[in-house]
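All of the numbers you see were taken from the coordinates with simple rules; none came from a lab. Worth saying up front: this structure is predicted, and the values here are computed from it rather than measured. Quick reminder, even Gly has a Cβ in these numbers, built from the backbone with ideal geometry, and neighbours come from all protein chains shown.
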Amino acid sequence: MKKTTSVGLKRAAKARLIGAGLSVALMLTAGVATPSMAEERWDKDLGIIRACGSDVWSLCSGVLPDVGRVKACVQDKMGQLSKGCIDTLLEAMAGTSFKICKNQTYALCAAARCNVYDGVAYCQCDVKHGDSISLPFPLGDKDVCSVNAAGADNKYMISTYSLPDSIASPQGGGAVYTCSGEGSGAYAQCDGGICFRSTEDTTFPGFEKPVPKGQIICSCPITKPGEDAQGYQILGPYPCDKSFFRYCKAATATSKTGSTIYVGAPIGTAQGLAVQLNGKVPPVNECRE
């Protein structure tokens, strides 16, 4: 009797574990419906189950089997997931693996404020040197890292990502602000943005003060979350300032010329990319509505 009970418990635990991973798999691959993609989707689902099942069960078991709540939980706990799970999730969400650019000068726009002109965001970004991460953006036999390397002699650079020191807890003066997916706001998506060194230490339309040395203007497309989006995150001041959440709203965060928006990304992306780049993510300051 004890043996039967033990086997039953193991099977139940395994079923719950698979259910945890499958919930994540379904949330990422929802909408893939064509027969020709069925096998690819199943392979992807199995990969996510293997990589993330134990993580989701240990961190989000309380919200199973609600797929929507599992998705929100995984996004919220992104910095606590194992590196293998995060690698698989990010690849599934982006449709490709990310590229780490080693020891390069790059533009860091994660905490940038942007002005909108004719449907494009122009963002004031920091010039950094070191390792960063980005989607590969293949261009013939080149990718984002080789394109950025070529820019060193041609007076431009590419915007890639590393975790801003300013949001590290508790000493940082910045924080991650979570915008709900219910509004109709927008954010600048600066991964792979083109930036020009000629904008450094000079005036630029829409910015009241000259761009200081060590900063640069990058052009970035504007993203509006879909109707089923769980939300997105932007970086702002710390301690938390409730008035800053106005940049989550359509009245201020739009593609209309003259609007001010901030660089953002889906919830959990910043921490997930930091883990993929550095193997871990430090505690960060967070602000919620």
task = Based solely on C-alpha atoms, express the radius of gyration and the Dmax of the stretch 137-289 in angstrom.
result = 16.4, 46
request  = Apply the Kirkwood formula to the stretch 133-192: the hydrodynamic radius equals the inverse of the mean of 1/r over all pairs of different alpha-carbon atoms; give it in Å with one decimal.
outcome  = 14.4
request  = Compute the FRET efficiency between Ser61 and Asp141 as 1/(1 + (r/R0)^6), taking r as their Cβ-Cβ distance and R0 = 45 Å, and round to the nearest 0.05.
outcome  = 0.45
key: Ala175 long-range amide H proximity, modeled H, under 5 Å   = Gly236, Tyr238
remark   = Taking N as the residue count of the stretch 206-289, its alpha carbon Rg divided by 2.2 N^0.38 Å gives 1.25
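Based on the Kirkwood radius over alpha-carbon pairs, what is the Stokes-Einstein translational diffusion coefficient of the stretch 96-148 at 4 °C with 1.567 mPa s viscosity, in µm²/s?
This corresponds to a translational diffusion coefficient of 104 µm²/s.
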request  = Provide the per-residue ³J(HN,Hα) series for the stretch 239-248, in order, calculated from phi with Karplus coefficients 6.51, -1.76, 1.60 and θ = phi - 60°, each as a whole number of Hz, with x at glycine and proline positions.
outcome  = x, 4, 10, 4, 5, 5, 5, 4, 6, 8
request  = Go through the stretch 123-137 residue by residue and turn each phi into a ³J(HN,Hα) via Karplus (6.51, -1.76, 1.60, θ = phi - 60°); whole Hz please, and just put x for glycine and proline.
outcome  = 10, 8, 10, 8, 8, 10, 9, x, 8, 8, 9, 7, 4, x, 6
request  = Would you mind checking Lys209/Lys249; Lys128/Lys155; Lys155/Lys224; Lys71/Lys224 for any pair whose Cα atoms are more than 21 angstrom apart?
outcome  = Lys209/Lys249; Lys155/Lys224
request  = Restricting things to alpha carbons, tell me how big the stretch 156-224 is in terms of Rg and Dmax, in Å.
outcome  = 14.5, 39
request  = Return the distance in nm (one decimal) between the two label points of a simple spin-label model at Thr96 and Thr260, each offset 7 Å from Cα along Cα→Cβ.
outcome  = 3.5
inquiry  = Restricting to Cα pairs below 8 Å that are 6+ residues apart, what does the relative contact order work out to for the stretch 99-288? Please round to a whole percent.
reply    = 30
